[in-house]
Structure formats: structure tokens, C-alpha cells
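Take a look at the structure set out below.
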């Protein structure tokens, strides 16, 4: 049944929402396609022509219609057998949204939900799987003395870019938080695959090569009570999400011998225009109600709570759908926009922060907006301090991702 259904759907192929990154082949430009949610562990390297054909796979056009549309646009004919071969390659790699993929996803989600803890997804890839090597890297990133008064620290802003790129700036933030005296760390991550709701808490300890990041079940239960509804939607969004996993490494390193120090992992995803929608789940009133519930839960828990916004700032370039050059003028514009957002965070200017991000986010794609907005809403009137800012360039100025480390005190 599945084979027949898949074959029928492959006659009208639907390409999944996965990552496609320009890459250099031996003789020509290529595109690397992979699944960031890791339902497929295979990646494909295809030509620019093949990738254009893949973009036409919308689930509405048949294979023959895709070939006809490509000819209409480009004037080039593609053999039907070649096109079917491309569809088969995508299907084999689970990169098509069809019955075969859905069966795989359902099994993977069921397996994840049944696990008592959340396994490391990126150990041995983005960071060392060896505990001694990882501990050495984390300690090096946190070296030095804090530059802010630990007793006044309310929150830190740290990157969630690949640990190999931004681990030192993550460590700079955790160096400040380590001596704050906090015993509950609410980690506000970005739910890159969160689509069913704007918030998802995971009530599972996080495994790391250095031991667990212990999760505070009681806090999550109280948060749901204060919110008046579940805060644990789409738990599978945590399965392969890096924005909290990277911070769990620091929690495990700093507090492995302190079982009383716990974390609250929260993924967030909503647009800067959420106040303009009337969606039953993604709407401004519901978001603000959640922020107030989180603030109340933190105030009433009787413990010192630290908020950790695990965010990156601007994402611009070919990988993010842009086709303009990242010259010095463009990079300066991006930095200016980022710094204006940072200034508003430093001044606890929520209204100014929203106004600015609504102006720039169509072009800049600041993925950290939901976590930053939530952090500002719960910490109240505070004063921020920028510890570092970086623009990470990929390839020959094809893409740039920006990020910062900040402290928030009050």
C-alpha cells in the first residue's frame, strides 16, 4: 500500500522544506541538499539545473509537467527518464514529502517521545563527543573573570550558531552566568522546525558527553498552570534542535555536581508581525499571555532564575534566498541594523525593539526575535551590556550570519 501510494505521489513529487546550500563541484557550481531535522541521514549534491527542476516539484505538477515547465522557462529539454531518476534519488534520500517519508518521520518521532532523556544530536559533529576534549574546549571558552556584577545579572544573550564558529562567544556569556547564584536557568531557544504552536517546553533531561542537563519538571507544570494551557506542543521539534543543545553543554559542565541546579528548555517561534494576525495559536495576545505566565512562574518559584536567550541575529545570502552581493556597504548596513537592535535591548526598549525589527526583518531574517522579545518581557527594566559581536562569513561572501554576546542586569 505504501509503495503504491508513494509511487503515485512521486508522479506528482513534493520537495520537502529542507536545506539547500551552494557548493563547489569539481567542474561547476553545485547545490548540497540535506535534512536539518535528520529524518534522513543522506545528503545529495546536485547541479544547479537539477536543483531548479527540484524547485518545480510542488506536489501539483506531474513529472511530465515539470519537464514542460522547465522547457518553457529555459528552452532546454530534460529527458523524462532523467527526471524520473532525479525524483527517485530524492525519494531514496527521504527528501520528498510522501508516504514513505511520513512513515519514517512517524517512527522517529515515536522513538524520540519514548526515550527517558533527550539524546545529544550533534556530539562528534559540531562539538567533541569525547568528554575530556569537550570539557577542555568549554573551559577555554569560559576562561577569565566576569565583567558584570554577578548578583545583578538577570539574563544573558548567547549565540546558537555552530559551536565550532561561536563556541567562544557562548562561553563568554556563560562565564558571566556561572557565578550569578542562579539555580534555575530558563533557556529560550529558537524552534527552527516549530510549526504547530509558537512554544514548546521539553520535560526531559538533556544528555551530553559530560552528563545530563537536568530539567525542572515542576517549573514546567507551574508554567502550564499559569498559562492556562499546555506548553508542550510538538515535542519532536526538540529532537534535532541545536539552539538549546549547545547551551546544555555549559549547564552540564558547570553544574554536573549540583543536582539542585536545573534548566527549563523552551523553544519559541513566531514572526515579528504576530500582532497583525488572528491565528488561533500564533497571535500577539496569546504570545503576551505566555510571556506574563513565564514571568509569574519565575517570580513565584522561590528560586533565583536566570534567562538565557540562545539566538543569532541576521541571516543574509544565497543560502537564505538572497541574490545580492555581500560587499562592504551591505555588511556595514547589516551591522548598523544589528547594533540598533542591541541598543534597544540594552535600554529595555521593547516598543523600540519591535518597531526596529519590523522594519528590518524582511531583509535581515533575525531568527532570534521570539526569544529576545520573551526575554525582554520577563526581565523588566534592566540594563544590557554588549560583550561581543561577530559577522560569520561563508564561502566567497555568499552568506553571513551575525551573532552577539550580551549580559542583562537589573
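Every number in this text was worked out from the coordinates using simple rules, so none of it is lab data. In this text the structure is predicted, and so the values were computed from the model without any measurement. So basically every Cβ, Gly included, is an ideal-geometry build from the backbone, and we count neighbours across all protein chains shown.
Structural descriptor for segment 346-410: relative contact order 34 percent, calculated from alpha carbon pairs under 8 angstrom and at least 6 residues apart. Once both labels are positioned 7 Å from their Cα atoms along Cα-to-Cβ, the gap between residue 275 and residue 107 label points is 4.8 nm. Ordering 251, 9, 57 from the fewest to the most neighbouring beta carbons within 10 Å gives 9, 57, 251. Treating each Cα of segment 95-145 as an identical point scatterer and summing with the Debye formula, the log10 of I(q)/I(0) at q = 0.25, 0.28 Å⁻¹ comes to -0.94, -1.01. Note on segment 37-81 and segment 286-350: Cα centroid distance 36 Å, given to the nearest whole angstrom. Separation of segment 180-196 from segment 90-140 is 19 Å, based on Cα centroids.
Using a Gaussian network model of the chain in which every pair of alpha carbons under 10 angstrom is joined by a spring, one finds that among 341, 86, 372 the greatest mean-square fluctuation is at 86. Against the chain, whose longest principal axis is taken from its Cα atoms, helix 99-114 shows a tilt of about 20°.
Coordinate range of the alpha-carbon atoms in segment 236-285 per principal axis, descending: 46, 22, 18 Å.
Length gained on full extension, residue 140 to residue 347, computed as 0.36 nm times the residue gap minus the Cα-Cα distance: 71.4 nm. Bridges between two residues of the chain, per DSSP, are antiparallel at a rate of about 65%. A convex hull fitted around the alpha carbon atoms of segment 2-107 yields 99 Å³ per residue. Given (i) 1.55; (ii) 0.96; (iii) 1.03 as candidate values of Cα Rg over 2.2 N^0.38 Å, which corresponds to the one derived from the coordinates? Here the calculated entry is (iii).
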